[in-house]
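Here it is, the structure in full.
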Amino acid sequence: MRTCSPRLAKEKYCTGCMACSDACTHDAIKIVEKNCMPFVKVDTHKCMNCHLCEKACPIITPVKKNRAEEMNVYGGWANDEQTRIDAASGGGFSGLAQSFFHLHKEDKVAVIGATLANNRVYHQLIEQEKDIVLLTNSKYIQSDTQGIYKEVIERLKTGYWILFSGCPCQIAGLYGFLGKKRDSERLITIEVVCHGIASYEALDLHLKYYNSSRIYRFRDKRHGTQDWKQSQCTTIEQNGEEIKLKRKDDMFYAIYAGWMLDRKSCSNCQFAEINRVADITIADFWGLQVPDYYKQGVSLIIANNNKADTMIKAADAIYTFKESLRTAINGNPHLFTGYKLIQFHPIVMWPDFFRKILPKRIRFKILTNRMPYKLFWALYKLGTIYLVKYQKKQLISKFQKDDNLLKLLNNANRGGVKWPKPNYKKYTNENWNNHYLQSKQLWSRATSFCNAEEIGTNGT
């Protein structure tokens, strides 16, 4: 019997984008879990050596990236107050998605993004503006993208306008899968500036620690403060109620911030560079000096090419203002580097070995950065911080040598526009209950969509 072995990314570099799985037409690539993270396994007996998977893999076949010279940097937020409250920061994605539906209201439209259901994250396609709420807010575990690339190409063939959002590696996977069709004018991609992808284990340990069966949100501005900079804590189920944890008590963030349960590829990300992959790049606008009263959040929105810039300028559901690239990179180092020294931590280099020899109690303390283990981790953290500062200095120095790049670096012009004061509305018991019931209905829809048998057919 004929056996073949295609050349795919090694485990150290595999991003889990699953483009190779969608590209395979002979069902030769299966998804397997290792350390609670998805990887691919090739059935060599089914492989026909067509090389489609190699062409789709963004690591084996690097995709074309945008040039920094074409960047236009904006700050902004969704016009709708409720949209900003539901979002992690300024509602940049939600505002752009709403605008996308408005711009193409006479055409067939599909928006694709990550949704949370059953304590897992999946990529989901929606065709109605009211369903955007399913795709809002940050998710810090890997999204399952199996089948979604096939959905994109089928929709493009039937004349849909598509807005696709994901991590940079997922956008690269989409481009690798589409090939020349990536240049379609009806396709707009949005990438999220990514800190790194935590394994499912980080969330499972978190829920187990609190004896909880469900996570509602990874970041939440609905309960208590609406300050986007203070929203980095999870909301989970306890005794049938939604409980927002305090940051100091949040085990998930302790693990997530420690980087030790991230994918290995996230410690040396090939897509975290100034020449971005997607049409649009969004993030929290860390580093931007905003008035104290503006607490609902500000999004960093970067148009990486003319197609994206045209869309952002035409967007009617989001307010934007021009900002400098210097301000953006000062607060968002993952715009230009994905290199972390944590990749050389023993528990990251040999996870299987330490799983076997370490008691669960000790391993948990290491992963959550408890003393005295925190001191050992702090060396990698401190080293990474200084390395990032050096890389930023080198990048700025490079930009200052070119007049066009220097203009981009410093081009911040808000045109004298004053910061609008947000209209904070206090929730009454009645309208909060209405909002809760609406969210519950949408959650039920997302859960039913992501049932195991539907996942197998729809691939989302």
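The values are calculated or read from the model by the stated rules, or taken from the named source; none is laboratory data. Computed from a predicted model, the values in this text were never measured in an experiment. Don't worry about glycine lacking a Cβ; one is built from the backbone with ideal geometry, like all the others, and counts go over all protein chains shown.
Quick one: in the stretch 299-347, of everything that is among the aromatic types (Phe, Trp, Tyr) and in a strand (DSSP E or B), which residue is surrounded by the fewest Cβ atoms within 10 Å (Cβ to Cβ)?
By that ranking, first place goes to Tyr339.
List the helices (runs of 4 or more DSSP H) inside the stretch 18-113, counting only whole elements, that have at least 1 residues being at pLDDT 90 or above.
Hits in the stretch 18-113: 19-23, 52-56, 92-103.
If you don't mind, another one. Out of all the residues in the stretch 348-395, which are more than 29 Å from Gly331 (Cβ to Cβ), under 26 Å from the mean Cα position of the chain (by Cα) and either free of Cβ contacts under 8 Å to residues at least 24 places away in the same chain or not in a helix (DSSP H, G or I) (or both)?
Matches in the stretch 348-395: Met349 only.
Here is a further query. Determine whether Leu409 is assigned to a helix (DSSP H, G or I) and either of a type in the set (Asp, Glu) or touching a Phe, Trp or Tyr at 6+ places or on another chain (Cβ under 6 Å) (or both).
Answer is yes for this residue.
If a residue must be within 12 Å of Ile342 (Cα to Cα) and crowded, with 18+ Cβ neighbours inside 10 Å, how many such residues does the stretch 258-292 contain?
Qualifying residue count, the stretch 258-292: 10.
Do we find a residue being in contact (Cβ under 8 Å) with a residue 12 or more places away in the chain and in contact with a His (Cβ under 7 Å, 6 or more places away or on another chain) anywhere in the stretch 275-288?
Among the residues of the stretch 275-288, not one is in contact (Cβ under 8 Å) with a residue 12 or more places away in the chain and in contact with a His (Cβ under 7 Å, 6 or more places away or on another chain), which makes the answer no.
Under 8 Å between Cβ atoms, at least 6 apart or on separate chains: pull out the pairs that start in the stretch 231-258 with a residue that is without any contact (Cβ under 8 Å) to a residue 12 or more places away in the chain and end on any residue that is in a helix (DSSP H, G or I).
As it stands, the answer is none, since no pair meets every condition given.
Next up: Scan the stretch 302-354 for residues that are closer than 16 Å to Val193 by Cβ and of a type in the set (Asp, Glu) and report the count.
Within the stretch 302-354, residues that are closer than 16 Å to Val193 by Cβ and of a type in the set (Asp, Glu) number 1.
Kindly indicate the residue of the stretch 10-39 that is on the phi > 0 side of the Ramachandran plot and of a type in the set (A, V, I, L, M, F, W, C) and also farthest from the chain's Cα centre (by Cα) among those meeting that condition. Working first, answer last.
Of all residues in the stretch 10-39, those on the phi > 0 side of the Ramachandran plot come to 16, 18, 27, 35-36.
When the remaining residues are screened for being of a type in the set (A, V, I, L, M, F, W, C), the result is 18, 36.
Details: Met18: 15, Cys36: 18 Å.
Out of the qualifying residues, it is Cys36.
Now for a separate question. Can you name every residue in the stretch 337-356 that is more than 25 Å from Ala272 (Cα to Cα) and either among the basic types (Lys, Arg) or modelled with pLDDT of 95 or more (or both)? Working first, answer last.
Just the residues of the stretch 337-356 that are more than 25 Å from Ala272 (Cα to Cα), to begin with: 352-356.
Matches in the stretch 337-356: Arg355, Lys356.
Just one of the numbered conditions (1) at pLDDT 90 or above; (2) outside the structural domain of Thr83 (by TED's automatic domain parsing); (3) of a type outside the set (Ser, Thr, Tyr) is not true of Ala412; which one?
Answer for Ala412: the failing condition is (1).
Then there's this: Among the residues that make up the stretch 50-57, is at least one of them outside the structural domain of Ile188 (by TED's automatic domain parsing) and under 30 Å from Lys398 (Cβ atoms)?
Yes.
In addition: In contact (Cβ under 8 Å) with a residue 60 or more places away in the chain and either under 30 Å from Thr327 (Cα atoms) or among the hydrophobic types (A, V, I, L, M, F, W, C) (or both): is that true of Pro38 in this structure?
no
Something else about it: Looking at (1) buried (at least 19 other Cβ atoms within 10 Å of the Cβ); (2) free of Cβ contacts under 8 Å to residues at least 60 places away in the same chain, which one does Pro58 not meet, given that it meets all the others?
(2)
Hey, which of the strands (runs of 3 or more DSSP E) in the stretch 169-248, taking only ones fully inside, have at least 1 residues that are buried (at least 22 other Cβ atoms within 10 Å of the Cβ) and either within 16 Å of the chain's Cα centre (by Cα) or among the small types (Gly, Ala, Ser) (or both)? Even if it seems obvious, please write down each step before you answer.
Numbers: elements: 187-192, 215-217, 235-238, 241-244.
By residue number, 187-192, 215-217.
Identify the residue in the stretch 114-127 that is in contact with a helix residue (DSSP H, G or I) (Cβ under 8 Å, 6 or more places away or on another chain) and assigned to a loop (DSSP other than H, G, I, E, B) and, among all such residues, is surrounded by the fewest Cβ atoms within 10 Å (Cβ to Cβ).
Here the residue is Asn118.
Of these, Ile255, Ile282, which one is assigned to a strand (DSSP E or B) and at pLDDT 85 or above? Even if it seems obvious, please write down each step before you answer.
On the way: Ile255 fails: assigned to a strand (DSSP E or B).
So the residue among Ile255, Ile282 that is assigned to a strand (DSSP E or B) and at pLDDT 85 or above is Ile282.
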